[in-house]
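As structure tokens, the structure follows; a few thoughts come after it.
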Amino acid sequence: MEQTGTKQNQQRQFKLGEPLVHPNRVHKLPTKMKALNKWYLNQMGFQIGARYQDKHFYDGEDTILFMKFKELFDFYNLFSLDVQILSL
């Protein structure tokens, strides 16, 4: 018999433009995470880019790391993350 009402079944789903955490939990976020959530709500795209230089990772090139807002949502909610973001 399948259980209903389990935590997994009640897990929030990512929706672009909605807060990265449940609105009732925003006030519990650390200052910088709260600021990033506020910034995200004003964005029109679906991902964020961060430029990094060779001196940061010593990989021989300057480049941009892109992260989809869905991955940021998963991080904020401590869901399992896509391995792609872990393998810089």
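The values are calculated or read from the model by the stated rules, or taken from the named source; none is laboratory data. Because the structure is predicted, anything quoted here is derived from the model rather than measured. With ideal geometry, Cβ positions are generated from the backbone for all residues, glycine too; neighbour counts draw on all protein chains shown.
Data overview
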quantity	calculated
Residue satisfying all of: in region 1-35; closer than 24 Å to Q47 by Cα and small (G, A, S); modelled with the lowest pLDDT among these	G17
Near pairs, Cβ below 6 angstrom, 6+ apart or cross-chain, from region 26-49 (farther than 13 Å from Y76 by Cα) to any residue that is among the charged types (D, E, K, R)	Q47/K68
Residue list for region 31-54, restricted to those being farther than 21 Å from F14 by Cβ and not polar (S, T, N, Q)	R51, Y52, D54
Unmet criterion (only one of (1) surrounded by 11 or more Cβ atoms within 10 Å (Cβ to Cβ); (2) at pLDDT 90 or above) for Q43	(2)
Any chance F57 is within 12 Å of the chain's Cα centre (by Cα) and either closer than 27 Å to Q11 by Cα or surrounded by fewer than 15 Cβ atoms within 10 Å (Cβ to Cβ) (or both)	no
